[in-house]
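One structure below.
The values are calculated or read from the model by the stated rules, or taken from the named source; none is laboratory data. For clarity, every value in this text was computed on a predicted model and none was experimentally measured. Here the Cβ positions follow ideal geometry from the backbone for every residue, glycine too, while neighbour counts run over all protein chains shown. To get the accessible areas, we keep the full protein, side chains included, count just its heavy atoms, and leave off ligands, DNA and RNA. Shrake-Rupley method; radii C 1.70, N 1.55, O 1.52, S 1.80 Å.
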Amino acid sequence: MDRNQLMKWIKAPTKMAHKYSLNAVYFCTGCGVIEVPPTITSRWDAERFGVVPTATARQANLFLITGYVSVKTLRAIIRTYEQMPEPKYTVGFGSCTINGGMYWDSYNTINQLDKYIPIDGYIAGCMPRPEAIFVAVTHLWTLIDKDMADGYKRYRKNYAAYRANQEMILGEMEWPPIFQTEVATAITEREG
Amino acid sequence: MRILWFVLSPLMALAVGLFFLGLSRRFMARIQWRVGPPLYQPLIDILRQFTQKSVSHGPLFDLGVVLSLASSFIVVLFMPLGGTAPLSSSGGLLAVLYLMLLGPLGIALSGGEAANPNVSIGISRKLILAVGYEVPFLMIVLALMTYYGTISIGEIVAAQRESASAIASFPLVFSGIAYLLILPAMLGVRPFEVVGAAQEISSGPAAEYGGPYLALATIQHGLTMFIGISLFVNLLWGGASNPVVFFLKMLVVFAFGFWVNAAFPRLRVEQAVRYLWRWPTLIAFVGLILVATIGR
Ligand code: SF4
């Protein structure tokens, strides 16, 4: 942890600030969320690294999706993600977000979360221990340092593809595209 | 000298307010047997928030935050922070009473533009709570103004320096106790954390703030704490002759407020108002009657 190195603060203040002030919104969908309360309270105390839970998407810059994602919650996840101010980072928690995990052939869960919103990193395991969250946070620090945690840029760039994927699962979505792109052409390209 | 204080006292309020925000997080962490964030964590947060992009919900949404922040800075100008107040000759306590309401009002204006139900609930709670503590607070201020025969904060501080401080003198001790009882409500900490209840109404009025708005709202929160505590030190604890002593006195009052914060759970909003209108109001009223009949 290089939080106390003054030179780094002078060189890249915004990057350092984004690293050490990760305000997380937890999307409590799956079983994995049971590991979050010990992480943020006295036993593991995530606040000493600047990781605190926030109540609303607007105040956050870290999005933790803890477990399997049903089609219904996918809609809420997308809305939450789009409401977060940039730069924002997402972490998928548990194997369910990677490839569906033990729910991969379920009729109402999605398998790869990365198809619908960009994910900066995953925590493998079913379910991961709180220590794994801290390992993930340190990895995220490295990614931010190297400008590799750029999920939000990928989302902006490939928005048409993401939106097309979202519409394939959710059907008609009740909010317009947030970036001006040709969603329709992307869909037709894929199908035709 | 006075020109210098115009620059110095808002800067001091800003620094001390942010320090209090950091200290409160550390303080709570230590009480809960945690390590807690570093003292400068609020600075990191504010830096992060200023560099994030955020949506605006309209011109009032922007202006409301600025209004509440500006009014808090102006209130600070009326405070003698261990020296002379920059605006000591213009209105004194009456102006402070009026300007202190602009803080919650600005946030209410700005939040109302966002049309988020959590924000609306938060705002109505904030105004209800403000009405709750404003009644005893008015009685306390009236008692002080009657007792010392002045509306200037600077003169009240000077009068206390000649005799004992107000909280240690006979009829005013009631006002002092009443102020201590409403202090957690003025600081917005538990048991009166009904406004920004994160688990219940997703941080209330701040629910729609992101990026720079949140940074400004955080600074405003720090200033509110600074004003609540420094009013107590000035009006009832005799002020101070230099800023260092003033800061130390504020630290003691702050520790009291956050000890209460750590020890009590949150009240519901009607319980909070019922409490505020019972004991603190009663004690402040007794104090006011005594001051009016006995006098100096
Ligand atoms: S990865 Fe395992 S623990 Fe996590 S949501 Fe899936 S089944 Fe549950």
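Observations
- Residue, farthest from A:LEU22 (Cα to Cα), within the range B:39-53, restricted to residues that are surrounded by fewer than 21 Cβ atoms within 10 Å (Cβ to Cβ) and facing chain A (nearest Cβ under 7 Å): B:LYS53
- When the residues of the range A:118-156 are filtered to those that are hydroxyl-bearing (Ser, Thr, Tyr), modelled with pLDDT of 90 or more and in contact with a Phe, Trp or Tyr (Cβ under 9 Å, 6 or more places away or on another chain), the one that is nearest to the ligand (Cβ to nearest atom) is A:TYR122.
- Residues satisfying the stated conditions in the range B:20-36, i.e. surrounded by 14 or more Cβ atoms within 10 Å (Cβ to Cβ) and over 25 Å from B:GLU208 (Cα atoms): B:LEU23, B:ARG26, B:PHE27, B:MET28, B:ALA29, B:ILE31, B:ARG34, B:GLY36
- Here B:GLY103 does not fit the description of being modelled with pLDDT of 85 or more and assigned to a helix (DSSP H, G or I).
- The conditions of being open to solvent by 40 Å² or more (accessible area, probe 1.4 Å) and under 18 Å from the mean Cα position of the chain (by Cα) are met by A:TYR26.
Listed here are the residues, each with its yes/no results for (1) touching a Leu at 6+ places or on another chain (Cβ under 7 Å); (2) without any contact (Cβ under 8 Å) to a residue 60 or more places away in the chain.
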site: B:VAL55; (1), (2): no, no
site: B:PRO59; (1), (2): no, yes
site: B:VAL65; (1), (2): yes, no
site: B:LEU81; (1), (2): no, no
site: B:LEU87; (1), (2): yes, yes
site: B:LEU94; (1), (2): no, yes
site: B:LEU97; (1), (2): no, yes
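- Checked against (1) of a type outside the set (Val, Ile, Thr); (2) out of contact with any strand residue (DSSP E or B) (no Cβ under 7 Å at 6 or more places or on another chain); (3) surrounded by fewer than 20 Cβ atoms within 10 Å (Cβ to Cβ), A:TYR103 passes all but a single condition, namely (2).
- If you go through the range B:169-204 and keep only what is within 11 Å of another protein chain (Cβ to nearest Cβ) and touching a residue at least 24 places away in the same chain (Cβ under 8 Å), you end up with B:GLY196, B:ALA197, B:ILE201, B:SER202, B:SER203, B:GLY204.
- Qualifying residue in the range B:252-266 (condition: modelled with pLDDT of 90 or more, within 25 Å of B:ILE167 (Cα to Cα) and open to solvent by 40 Å² or more (accessible area, probe 1.4 Å)): yes
- If the condition is being over 24 Å from A:VAL33 (Cα atoms), assigned to a helix (DSSP H, G or I) and open to solvent by 80 Å² or more (accessible area, probe 1.4 Å), then the range A:124-153 contributes only A:LYS153.
- Residues in the range B:205-226 that are more than 9 Å from every other protein chain (Cβ to nearest Cβ) and either hydrophobic (A, V, I, L, M, F, W, C) or open to solvent by less than 30 Å² (accessible area, probe 1.4 Å) (or both): B:PRO205, B:ALA215, B:LEU216, B:ALA217, B:ILE219, B:GLN220, B:GLY222, B:LEU223, B:MET225, B:PHE226.
- The range A:43-75, subset away from chain B (no Cβ under 11 Å) and of a type in the set (Val, Ile, Thr), residue surrounded by the fewest Cβ atoms within 10 Å (Cβ to Cβ): A:VAL71
- Any chance B:GLU134 is at pLDDT 85 or above and surrounded by fewer than 23 Cβ atoms within 10 Å (Cβ to Cβ): yes
- Counted as qualifying within the range A:1-117 are the strands (runs of 3 or more DSSP E) with 1 or more residues that are in contact with a Gly (Cβ under 7 Å, 6 or more places away or on another chain) and more than 16 Å from the ligand (Cβ to nearest atom), namely A:89-93.
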